[in-house]
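Worksheet: one structure, shown below.
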Amino acid sequence: MRNSKLFKITLTAAAALTFASFAESSAKADTQADIDAITQKIKDTEKSIKKGQEKLSKLEELQYQKSMEIDGLKKNIKARKAQLARQARAAQVNNAGSMIDFVSKSKNLSEAISRTFTVATLVHANNQAVAQQKADQEKVAADKAVVDKAASDQAQANKNFNNDLAQLAVQKTQLEVKKAKEDEAARKAAQEAEKKAREAAEKVANAKNERDAQNALNDANNAVASVTKSDNNNNNNNNSNNNVAAQASTQQTSNTNAAPAAKYGSVVGYALSFQGVPYVYGGTSPSGFDCSGLVQYVFAAFGKQLPRTVGAQKAVCTPISESQLQPGDLVFWGVSHVGIYIGGGNFVHAPTTGDHVKVTSMNYYHPDSYGRVN
């Protein structure tokens with residue numbers, strides 16, 4: 001009986017050891033699920049942006065068609081006015097000073113009736129022409145208002161989609177940073193728990209009595225429970241200071257010191273709102289930006305005053321590596337060009353003369369250095 005109980009306890013301890021061994025791989029599933037959900041939202045938003053751009057293109061084509069239609073109506077109205085003028089002149093026959101004179105100077109009753117009918121016909125035609133002219137003008141105004149509003153609404157919707165995409169990129173980056181910290185903490189906790197569970201299992205195997213075996217089993221179970229407790233604490237408190245320090249250490253490179261966490265990720269949505277603004281050399285306002293002027297203007301809206309030139313902006317940033325990039329960081333090409341990183345390997349910038357503020361992929365135009373605004 002005694003040996004049977006010891007055998008059961010040994011099996012339980014072994015099971016605890018096995019659980020501890022797999023604790024690391026199963027930890028932090030919730031954060032990964034959040035990342036997956038954000039990734040799907042990003043894909044859905046990108047689809048919405050594509051559809052919105054297609055819809056806007058069609059509306060712009062319709063705007064052009066309506067403009068051509070408006071031009072045609074204006075020509076018709078102009079022609080109608082000319083027709084009215086001709087009719088007015090036609091009413092003044094035989095040097096008559098007015099339509100009344102035209103009727104009163106009839107030679108006989110029959111001619112007077114005929115002239116009266118002519119005048120009435122002209123007046124009716126004029127009234128119809130004026131009414132048609134007014135209807136045409138109202139139609140022109142209504143058509144133009146409908147198309148312009150639809151185009152304006154779609155342009156705003158596209159801008160909102162881009163802002164949403166930027167915010168999702170920020171959220172994804174934050175979750176990935178959180179998961180990296182959680183994974184590091186979970187790995188350490190799981191290793192420690194596995195070590196304790198293994199030691200406890202050995203004690204169970206070597207126990208001389210049930211009491212010692214049960215105590216050793218309790219130690220093994222406590223070790224495994226510590227993994228779950230550590231997992232919950234890290235989810236709720238975003239890791240202890242020691243875990244944060246450990247993660248910061250793993251993020252350092254041999255050439256770049258750990259930078260403070262990015263605190264200007266919120267500038268991304270604002271920067272994206274200026275897409276389409278033309279590049280103007282020396283420009284520092286929404287009427288026209290150059291690269292450093294855009295950066296200076298955007299950060300100023302969030303209470304951060306940056307220098308005017310690329311070189312000076314680079315000098316006040318904390319150097320970081322490409323792997324440390326977060327939305328709101330700056331990307332540099334020497335001291336000649338600067339952009340704002342928005343996440344997903346993309347940045348927004350004011351490129352060059354003849355171009356406008358837009359988003360570009362780092363795969364297409366790769367920076368040579370990176371900085372974090374303190």
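The values are calculated or read from the model by the stated rules, or taken from the named source; none is laboratory data. Predicted, not measured: the structure shown is a model, and the values here were computed from it. Every residue, glycine as well, gets a Cβ built from its backbone with ideal geometry; the counts of neighbours run over all protein chains shown. For the accessible areas, the whole protein counts, side chains as well, though only heavy atoms, and no ligand, DNA or RNA atoms are used. Shrake-Rupley method; radii C 1.70, N 1.55, O 1.52, S 1.80 Å.
Condition first: in contact with a Ser or Thr (Cβ under 9 Å, 6 or more places away or on another chain) and modelled with pLDDT of 75 or more. Can you find one or more residues in region 125-136 that meet it? No; the residues of region 125-136 include none that is in contact with a Ser or Thr (Cβ under 9 Å, 6 or more places away or on another chain) and modelled with pLDDT of 75 or more.
Just a yes or no: is a residue in region 303-310 more than 18 Å from Asn163 (Cβ to Cβ), assigned to a strand (DSSP E or B) and not aliphatic (A, V, I, L, M)?
Filtering region 303-310 down to residues more than 18 Å from Asn163 (Cβ to Cβ) leaves 303-310.
After this cut, where a residue has to be assigned to a strand (DSSP E or B) as well, the list is none.
Checked region 303-310: no residue is more than 18 Å from Asn163 (Cβ to Cβ), assigned to a strand (DSSP E or B) and not aliphatic (A, V, I, L, M).
Each residue in region 330-340 was checked for being modelled with pLDDT under 95 and either in contact with a Ser or Thr (Cβ under 7 Å, 6 or more places away or on another chain) or under 14 Å from Ala271 (Cα atoms) (or both), and 0 pass. Of all residues in region 346-368, those satisfying the criterion of being open to solvent by less than 20 Å² (accessible area, probe 1.4 Å) and assigned to a loop (DSSP other than H, G, I, E, B) are Ala350, Val357, Met362, Pro367.
A quick yes/no check of all residues on (1) of a type in the set (S, T, N, Q); (2) open to solvent by less than 50 Å² (accessible area, probe 1.4 Å); (3) at pLDDT 75 or above:
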residue: Lys144; (1), (2), (3): no, no, yes
residue: Ala155; (1), (2), (3): no, yes, yes
residue: Asn158; (1), (2), (3): yes, yes, yes
residue: Phe161; (1), (2), (3): no, no, yes
residue: Ala166; (1), (2), (3): no, yes, no
residue: Thr173; (1), (2), (3): yes, yes, no
residue: Ala180; (1), (2), (3): no, yes, yes
residue: Asp183; (1), (2), (3): no, no, yes
residue: Gln191; (1), (2), (3): yes, no, no
